[in-house]
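Take a look at the structure set out below.
The values are calculated or read from the model by the stated rules, or taken from the named source; none is laboratory data. Bear in mind that the values here come from a model prediction, so they are computed numbers and not experimental data. Positions of Cβ are backbone-derived with ideal geometry, glycine not excepted, and every protein chain shown enters the neighbour counts.
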Amino acid sequence: MKKYTFTDKKDTRSGFGAGMTELGRTNPDVVVLCADLVGSLKIDTFIKENPERFFQMGIAEANMMGVAAGLTIGGKIPFATTFANFGSSRVYDQIRQSIAYSDKNVKVAVSHAGLTLGEDGATHQILEDLAMMRSLPNMTVINPCDFNQTKAATIAAANFDGPVYLRFGRPVVPVFTDPDQKFEIGKAWMVNEGKDVTIIATGHLVWEAIQAGEILEAQGIDAEIINIHTIKPLDTKAILKSVAKTKCVVTCEEHQKNGGLGDAVAQTLAQNLLAPQEYVAVNDSFGESGTPAQLMEKYGLNAASIVEKALKAIQRKI
């Protein structure tokens, strides 16, 4: 098992802020719109350095999506920023009609996704957004795993021509990826090569998958761990190559079991390579108030659950 360590913990939304700061200095076409959540999106530095390229839209997310679509007609690269709940389910119609349908070059960048929003509770803990966004034609869906990868993904999104849904979060998590990494949209990152079980993870669950791999190694099990930071387009080649070797797979996501990464992988396997699959995801329920750690444990989104599902997948293979 390849060893990963960290010396710092940061929130992935700060990685987005760092990416926007760099884009503000290097790409004059990038503009930012925000629905009254500047501090939460960590875009203060971008605004300070580029006040003429920032638009405060207020608590009017639907209007923000329409304005962002319009700005692309003049050659701008708009980042429409808000909380994940408000930037997906609340404005799904506007994203579908004004952005995805006409293939507008809008980047919908959303923070506070998933259960790890914590104490704000079920109404704000969006767990269906990946399913909604990956179902839209023309939409690219990105869910990075730590500060460094989120920064790199933000810059890559600006350089990509087309609609992007970029998802990140509020809690501090280990920073373990390369600060100078090359982020390729649609290209999986092989975290660890193994032969006994494939563990495919996205977002905050990548670090949990690494910890699970270490636990499995102590039990004599060699886990192959893949970071799928791009939910759509999915790196089907990497997935099929891995599962052809290990003959079983566990998918891990901070999202509903229905419609997210797990179902995207299952669809790929059903069409190409049948193999046992286990899900680490929220099982068709809403969240609740609690600390991120409490919620991840209660809903089974942690290393212990990944280990349990890996052992089950291996048993099914046998």
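Just to confirm my filter: which strands (runs of 3 or more DSSP E) fall fully inside segment 1-80 and include at least 1 residues that are under 21 Å from the mean Cα position of the chain (by Cα)? Full working, then the answer.
Numbers: elements: 9-11, 30-34, 54-56.
Filter on segment 1-80 gives 9-11, 30-34.
Any residue at all in segment 277-294 that's closer than 27 Å to Leu136 by Cβ and assigned to a helix (DSSP H, G or I)? If you could, list the steps in order and put the result at the bottom.
Here is the first cut: in segment 277-294, the ones closer than 27 Å to Leu136 by Cβ are 277, 279-287.
Subset that is assigned to a helix (DSSP H, G or I): none.
No, because not a single residue in segment 277-294 is closer than 27 Å to Leu136 by Cβ and assigned to a helix (DSSP H, G or I).
Considering only segment 97-124, how many residues are modelled with pLDDT of 95 or more, surrounded by fewer than 24 Cβ atoms within 10 Å (Cβ to Cβ) and in a loop (DSSP other than H, G, I, E, B)?
So the count comes out to 5.
From the list Thr7, Thr12, which residue is surrounded by fewer than 15 Cβ atoms within 10 Å (Cβ to Cβ) and touching a residue at least 40 places away in the same chain (Cβ under 8 Å)?
Thr7
What number of residues within segment 238-271 satisfy the criterion of being part of a loop (DSSP other than H, G, I, E, B), under 16 Å from Asp129 (Cβ atoms) and not polar (S, T, N, Q)? I'd like the intermediate steps shown before the answer.
Looking only at segment 238-271, we keep the residues that are part of a loop (DSSP other than H, G, I, E, B), and these are 247-248, 257-260.
Filter once more, keeping what is under 16 Å from Asp129 (Cβ atoms): 257-260.
Filter again for not polar (S, T, N, Q), leaving 257, 259-260.
The total comes to 3.
So Lys312 clears everything in (1) under 16 Å from Glu224 (Cα atoms); (2) in contact with a helix residue (DSSP H, G or I) (Cβ under 9 Å, 6 or more places away or on another chain) except one condition, right? Which one?
Going through the list (1) under 16 Å from Glu224 (Cα atoms); (2) in contact with a helix residue (DSSP H, G or I) (Cβ under 9 Å, 6 or more places away or on another chain), Lys312 breaks only (2).
Looking at Val164, Val197, can you tell me which residue is modelled with pLDDT of 95 or more, within 12 Å of the chain's Cα centre (by Cα), over 22 Å from Lys10 (Cα atoms) and among the hydrophobic types (A, V, I, L, M, F, W, C)? Quick ask: steps written out before the conclusion?
On the way: Val197 fails: within 12 Å of the chain's Cα centre (by Cα).
The match here is Val164.
Only one of these is touching a residue at least 12 places away in the same chain (Cβ under 8 Å), small (Gly, Ala, Ser) and under 19 Å from His112 (Cβ atoms): Gly169, Gly194. Name it. It would help to see each step written out before you state the result.
Working: Gly194 fails: under 19 Å from His112 (Cβ atoms).
Checking each option against the conditions leaves just Gly169.
Residue by residue through segment 125-161, note down the ones that are among the hydroxyl-bearing types (Ser, Thr, Tyr) and either under 12 Å from Thr230 (Cβ atoms) or not in a helix (DSSP H, G or I) (or both). Explain how you work it out, then say what you get.
Let us first name the residues in segment 125-161 that are among the hydroxyl-bearing types (Ser, Thr, Tyr), namely 135, 140, 150, 154.
Those that are among the hydroxyl-bearing types (Ser, Thr, Tyr) and either under 12 Å from Thr230 (Cβ atoms) or not in a helix (DSSP H, G or I) (or both): Ser135, Thr140.
From the list Gly213, Gly259, which one is on the phi > 0 side of the Ramachandran plot and not basic (Lys, Arg)?
Numbers: Gly213 fails: on the phi > 0 side of the Ramachandran plot.
Being on the phi > 0 side of the Ramachandran plot and not basic (Lys, Arg) holds for just one of Gly213, Gly259, which is Gly259.
Can you name every residue in segment 28-58 that is of a type in the set (S, T, N, Q) and surrounded by 14 or more Cβ atoms within 10 Å (Cβ to Cβ)? Even if it seems obvious, please write down each step before you answer.
Keep residues of segment 28-58 that are of a type in the set (S, T, N, Q), which gives 40, 45, 50, 56.
Answer for segment 28-58, where residues must be of a type in the set (S, T, N, Q) and surrounded by 14 or more Cβ atoms within 10 Å (Cβ to Cβ): Ser40, Thr45, Asn50.
Pick from Asn192, Asn159, Asn143: which is more than 19 Å from Leu23 (Cβ to Cβ) and either more than 15 Å from the chain's Cα centre (by Cα) or charged (D, E, K, R) (or both)? Don't jump to the end; show me each part of the working.
Numbers: Asn159 fails: more than 19 Å from Leu23 (Cβ to Cβ); Asn143 fails: either more than 15 Å from the chain's Cα centre (by Cα) or charged (D, E, K, R) (or both).
One residue alone meets the criteria, Asn192.
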